[in-house]
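Below is one structure, written out as structure tokens, with a few remarks after it.
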Amino acid sequence: MEVLFITSNEGKFREVEKIGRRYSVEVRWHREEYFEPQASSLHEIARISCEILSKKIGKPFIIEDSGLFIESLMGFPGPYSSYVFKTIGNEGIIRLMNGIENRKAYFLAIVAFFDGKDIHIFEGKTEGRISEAIRGNKGFGYDPVFLYGEKTFAEMGDEKNEVSHRRKAFEKFFRWLGKQG
């Protein structure tokens, strides 16, 4: 079985490609940047993005959107994670969290699959907390500030793929896909 994954992020593609192998699914990379609308939820962003891309791609595909949600910041950056990362980055997140005791956070991943007619949504969540400093160099995005246990995602390397929000969402998708025949 084969599925087309639309993303401009090679790190995401490599992670998903490995997960797909466990389910005998070949994940093909369609490297493309696409318009990502701003909305109040990742579900809405993924659905709208899928609708826009379905008109352009014209065949089944998957996309993934994820965000970092920090409890003490009332879920910020959440659906604005991409923009916040591009503007203030991990350094800005560390500054925002300076002096804050409640460092609970979670990553949420939304996988949207366009089957040629309908859009199907799958979700994965991983809880952790925000580190006191940027640590590690094996990840991308917010990985260097997201603690899972005593390590940041960026310190974990391939270990991250066993517990990540993206893995959880894609496993739900691959299991569902297998049941579809």
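The values are calculated or read from the model by the stated rules, or taken from the named source; none is laboratory data. Source: prediction; values computed, not measured. All Cβ positions, glycine included, derive from the backbone under ideal geometry; neighbour counts span all protein chains shown.
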* Given the structure, is L4 in contact with a Pro (Cβ under 9 Å, 6 or more places away or on another chain), surrounded by fewer than 18 Cβ atoms within 10 Å (Cβ to Cβ) and assigned to a strand (DSSP E or B)? -> yes
* **Lone qualifier among R166, R175 - being in a helix (DSSP H, G or I) and surrounded by fewer than 16 Cβ atoms within 10 Å (Cβ to Cβ)** => R175
* Asked: Do we find a residue being in a loop (DSSP other than H, G, I, E, B), at pLDDT below 90 and within 23 Å of R167 (Cβ to Cβ) anywhere in region 36-49?
  -> yes
* Structure fact -> Sole miss for V84 among (1) free of Cβ contacts under 8 Å to residues at least 40 places away in the same chain; (2) under 18 Å from K172 (Cα atoms) is condition (2)
* Asked: Among the numbered criteria (1) under 24 Å from I6 (Cβ atoms); (2) surrounded by 16 or more Cβ atoms within 10 Å (Cβ to Cβ), which single criterion is violated by K56?
  -> (2)
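Among the aromatic types (F, W, Y) and at pLDDT 95 or above: does that describe F140?
no
Conditions tested, residue by residue: (1) under 30 Å from E150 (Cα atoms); (2) modelled with pLDDT under 95; (3) surrounded by 20 or more Cβ atoms within 10 Å (Cβ to Cβ).
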| site | (1), (2), (3) |
| --- | --- |
| E15 | yes, yes, yes |
| V25 | no, yes, no |
| M74 | yes, no, no |
| M97 | yes, no, yes |
| G116 | no, yes, no |
* Asked: Picking from E155, E132, E150, which residue would you name as being among the acidic types (D, E), more than 14 Å from the chain's Cα centre (by Cα), buried (at least 17 other Cβ atoms within 10 Å of the Cβ) and more than 17 Å from N9 (Cβ to Cβ)?
  -> E155
* Within the set of pairs 6 or more residues apart or between chains, which connect a residue that is within 14 Å of R175 (Cα to Cα) inside region 1-30 to a residue that is part of a loop (DSSP other than H, G, I, E, B) and of a type in the set (S, T, N, Q) with Cβ atoms less than 8 Å apart? -> M1/S24
